[in-house]
Amino acid sequence: MPELYLALLDRILTPVLLLLAVIFLLAGHNAPGGGFIAGLVVASAFLMQILARGDAFVRRLIGPYLQPLMGAGLLIAAASSLAGIGRYGQFFEGVWWQLQLGGRAWEFGSPALFDIGVFLVVSTFVTSYLLELSRPAKEGGRK
Amino acid sequence: MLTPFLLLLLLSGPALWLLRPHRWGHAGWLAALSPALVTGWLLTQLGAVGNGQVLTEQRVWSDAFGLALDLRLDGLGLFFGLIVAGIGTAIAVYAGYYFEKNSRLGYFYALLFTFMTSMLGLVWADNLLALFVFWEGTSITSYLLISFKLTDKNALEGARRAFVVTGMGALAMLGGFVLLGQMAGTYSISGLLALPAATLTQHALFTPMLVLVLLGAFTKSAQFPFHFWLPGAMAAPTPASAYLHSATMVKAGVYLLARLHPAFAESPLWFWALFVVGGLTMLVGAVIALRHYDLKAILAYATVSQLGVLVMLLAFNTKVAVTAAVVGILAHALYKGPLFMVAGIVDHATGTRDIRKLAGLARSLPLVGAAAILAGVSMAGIIPTFGFVAKELLLENFFALIEAGQSQLGWIGLVAVVLTGALFVAYSLILLWEAFLRRSSPLKQATVHHAPSTLFVLPVLALTIVGALIPFFFSAIEGALFGSAGSAILGATLEPHLALWHGWTPIFLTSLLAIALGALVFTQREGIRKLFAKAPEFKGQTVFDSAVDALYGVARWSTRTVQGSSFPTQISIPLLAAAGFAAFALRHNFIADLRVDWSAVPTFYEVVLPLLAVVAALAIARAQSRLSAIISLGLVGSVVMLIYVFFSAPDLALTQFLVEVLTLVLLVFVFYRIPNHAYPKPPKHRSLKYLLISLVVGAWGFSMALLAAGEPLAQSISEYFSLNATAAHGGNIVNVILVDFRGFDTLGEISVMVVAALGGYALLRASRLRPVKPDKKYKEPPHA
């Protein structure tokens, strides 16, 4: 039975952590943050959930998506490196697009895409280890 | 047109796999389409290429490194291409029936066509490195085909042996190719063949280069003393044995020798190496074949012997020798391939390949018997078959040698060839008589319980009939097929004149002598087999196995020493090595290089934080339980994080903090499962040892930091980064470095992470799947 105070804390902290991760991911290119840190923050949000609600709950929630997302992250990161070839004929050259929206210019570039790939790999990597190691040691296994 | 054909073959394998060919009855015919197409196209080129034209093709891959796929179709490439694609067509049909409803037929086709692509690429490549890549392609597909039956231990060991032997040879050959490329100044095969022969043969590196290249060719073509892998490879499904291990792949070595023949044939080393090794292989293979009772084993050793003949012929730089080699290659492919296929059908129909259990198959399987007799007579070299012509040419070579004045060499060769020829006759007769013609077998006779369909036998019959007809159409094809291939080997125009009947020449009489001797051996076969069974056999396999075992021994020993011990030892080795190397490099002027600004006054936190870290570290060492140890460890990490904060590196601080928290929890998860009594205090002397190691490593880290702070050794790159970060659309330099400047590094790192995740997943799963004896002392965690 998960601890009560953890469950309470989880209600508040998990959304905050996830929001923080999004901010880190999007702002990371100009302010502290980035895909790596955002990935770790998301992993700690899941850690919170594992501690508060038990690993079985979290596994039901995200277990099947971890490995596909990890693969997708690697694929996105690798694919973003090809954008430079398309535009400049240079492998890994950053390509940036601008969008005028709401009176200001929004920038999005292939390095940002790459960062999203890094984010996916890091978050799923750490979470999958957390889930595997927090699995209760029964099921006839190692005790 | 060459690259599209390679692509077609490469893709048709996986395409067939997806079509699940075992579900339909006659998938073999569909599979045969693409090789048949290639064969047909090659036949249309016979006119042009046979007349000396050469097709070349270049696909540039990387301009910067000068890498391109150069393909070249000349007479020799066409000749080998026809064998590969033509026999491949028959094998594709045959395999469809051989595997019947076996669900792994699709996988077999995927391997078969990958092999076919590699083999065609090998004989068409005009670049040494490309040739090497295709060469390895054939080795890998051969490995997978031999180990096709994954439950068969013999198959797995045979596959490993074949792969290691040919793989080591190929590595030696790669070394030889690099030397050759340096010597010639080009990796292009046609380029180096165009050089005057003396540039290479007079070069100082010629001998080591030639030895390395020959190692590759000899291992691939199963030459003595590397011949043992080929009989071991017979664990492969029979279509693969018939195709790879008799008709095509084992001839790759012969092909390489033929290809390089014009450049090297004048060197005496070339002559003696090929003559001696080829000759020995020829005799050893022929003799060992008589010891065996398994159809495929007999045929395998006969193949070894025939490969020896071909290598020995390529030692000579004469027209007759080259003609004999070319004719021998095709004749062998056209009788040995079908014989293997016959062995497969017999196995399929009766369930055994042991000739002691077989008899009278010519009556119960008349079509198979007809094919076997046609091919067997050719193997024996009895007039009027293709094999007969090949043997006549072989004998003619040595007669010519005697006439040319080299009588000693000629007589030795002649005697060896006659002996080998007699043994060929003997086991052709044994094979035909015992399996197909006699009425009863000495051991319990196997019956035909599963008669093959006519369509199954059709590809075998087709190949044997082509082989049987060729001698009657010599005048039509000798120039285009044999002449153009031979010219490429000789480096000069070759216009062979082949005929079945030359009159009552000494050569023909010698040929008759060999047949008579063979018949004699056949009648005395029981006694001779017993004699051979007693004689010691050269066991290359035993030598190889003990060498591999010794290698494993070394690996196990080093693993035990370096990694087998406890975690503290494992981690001290690299740390002490790093400290040792640093101390060695800095042994002279460590003090001189040290520049410390003693006047700086440390701030409050610069004093407090390190002190905190020291106290925490001491607490780790003195901790009584795992939990307190890792909490103290976390404290050290937090101090490091705080230092990052004070030196305004928010990204690092953030990362450090998160990693610290996550590892702490992970460690708790892990330690949760290990009972606490498994945390013993190390004995006193070991504590002292660890203390000493820690001090050394600490001193190393400290002095490194001191040195780095005192003197920036090289110009810092950080200025470049901060200047260019805005150009890269980023304000956070750390992130810009990670995702832009050093993006490729990061990509590598996250790839490693994915691999580590999969590995860790598998490990954690495996430990859970294995039932472990429950430990009474350990209580379930309360949350579980």
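The values are calculated or read from the model by the stated rules, or taken from the named source; none is laboratory data. Everything numeric in this text was worked out from a predicted model, so none of it was measured. Here the Cβ is made from the backbone with ideal geometry for all residues, glycine too, and neighbour counts use every protein chain on show. The protein model used for the area step is the full one, side chains on, heavy atoms only, and it has no ligands, DNA or RNA in it. Shrake-Rupley method; radii C 1.70, N 1.55, O 1.52, S 1.80 Å.
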Segments B:21-28, B:499-506, B:305-312 sorted - mean Cβ within 10 Å per residue, highest first: B:305-312, B:21-28, B:499-506
10 Å Cβ neighbours from other chains, averaged over peptide B:753-764: 5
Let me have the relative contact order for the range B:1-134, percent, based on Cα pairs under 8 Å that are six or more residues apart. 39
For the range B:539-656, what is the per residue volume of the convex hull drawn over the alpha-carbon atoms, in cubic angstrom? 218
When the expected Rg is taken as 2.2 N^0.38 Å, what fraction or multiple of it is the alpha-carbon Rg of the range B:313-415? 1.38
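Evaluate E = 1/(1 + (r/R0)^6) for B:ALA578 and A:PHE91, where r is the Cβ-Cβ distance and R0 equals 45 Å; express this FRET efficiency to the nearest 0.05.
Plugging the Cβ-Cβ distance into 1/(1 + (r/R0)^6) gives 0.85.
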Between the helical axis of B:407-430 and the dominant principal axis of chain B, each derived from Cα atoms, what acute angle in degrees is found, rounded to the nearest 10? 90
How crowded by other chains is B:649-655, given as the mean number of beta carbons from other chains within 10 Å of each beta carbon? 4
If amide H atoms are built 1.01 Å from N in the plane of the peptide, which residues on other chains or at least 5 residues away come under 5 Å of the amide H of B:THR505? none
Relative contact order of chain B, defined on C-alpha pairs under 8 angstrom at six or more residues apart (%): 10
Solvent-accessible area per residue for chain B (1.4 angstrom probe, square angstrom): 46
Residue by residue through the range A:24-41, which ³J(HN,Hα) values in whole Hz follow from phi under the Karplus form 6.51 cos²θ - 1.76 cosθ + 1.60 (θ = phi - 60°), with glycine and proline marked x? 4, 5, 7, 8, x, 6, 10, 10, x, x, x, x, 5, 5, 4, x, 5, 5
Chains B and A together, accessible area buried on both sides, 1.4 angstrom probe, square angstrom: 4600
So how tilted is helix B:743-769 from the main axis of chain B? Cα-based, degrees 0 to 90, rounded to 10. 80
Please compute the average number of Cβ atoms from other chains found within 10 Å of each residue's Cβ in peptide A:121-130. 5
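Share of the protein assembly as shown's accessible area from carbon and sulfur, percent, 1.4 Å?
For the protein assembly as shown, the apolar C and S fraction of the accessible surface comes to 69 percent.
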Please determine, in degrees from 0 to 90 and to the nearest 10, the orientation of helix B:626-646 with respect to the longest principal axis defined by the Cα atoms of chain B, where the helix direction is its Cα long axis. 80
For the range B:390-452, what is the charge dipole size about the Cα centre, in debye to the nearest 20, if Lys and Arg each add +1 at the Cβ and Asp and Glu each add -1 at the Cβ? 480
Could you pull the Cα extents of the protein assembly as shown along its three principal axes, largest to smallest, in whole Å? 111, 67, 65
Measure of compaction for chain B (Cα Rg per 2.2 N^0.38 Å): 1.24
Length-normalised contact order for the range B:370-494 - Cα pairs under 8 Å, 6+ apart - percent: 30
So, by mean Cβ neighbours within 10 angstrom, what's the order for B:291-304, B:603-616, A:112-125 with the highest one leading? A:112-125, B:291-304, B:603-616
Under Karplus coefficients 6.51, -1.76 and 1.60, residue-wise ³J(HN,Hα) of the range B:360-371 in Hz, glycine/proline x: x, 5, 4, 7, 7, 10, x, 5, 4, x, 4, 4
Pull up all non-local amide H partners of A:GLY109: gap of 5 or more, or a different chain, and H-to-H distance under 5 Å with H placed in the peptide plane. A:TRP97
List, largest first, the extents of the alpha carbons of the range A:36-82 along their principal axes, each in whole Å. 42, 22, 8
What list of ³J(HN,Hα) values in whole Hz, one per residue of the range B:231-241 in order, does the Karplus curve 6.51 cos²θ - 1.76 cosθ + 1.60 (θ = phi - 60°) give from phi, with Gly and Pro shown as x? x, x, 6, 6, 6, 5, x, 4, x, 5, 4
Please give me the summed charge of the neighbours of A:PHE114: other residues whose Cβ is under 13 Å from its Cβ, Lys and Arg +1, Asp and Glu -1. -4
Kirkwood Rh, chain A, all Cα pairs: how many Å? 16.8
If you roll a 1.4 Å probe over the heavy atoms of the protein chains, what accessible area per residue do you get for the range A:27-99, in Å²? 46
Under 5 Å between amide H atoms, partner at least 5 residues away or on a different chain: which partners does A:GLY34 have, H built in plane at 1.01 Å? A:LEU25, A:GLY28
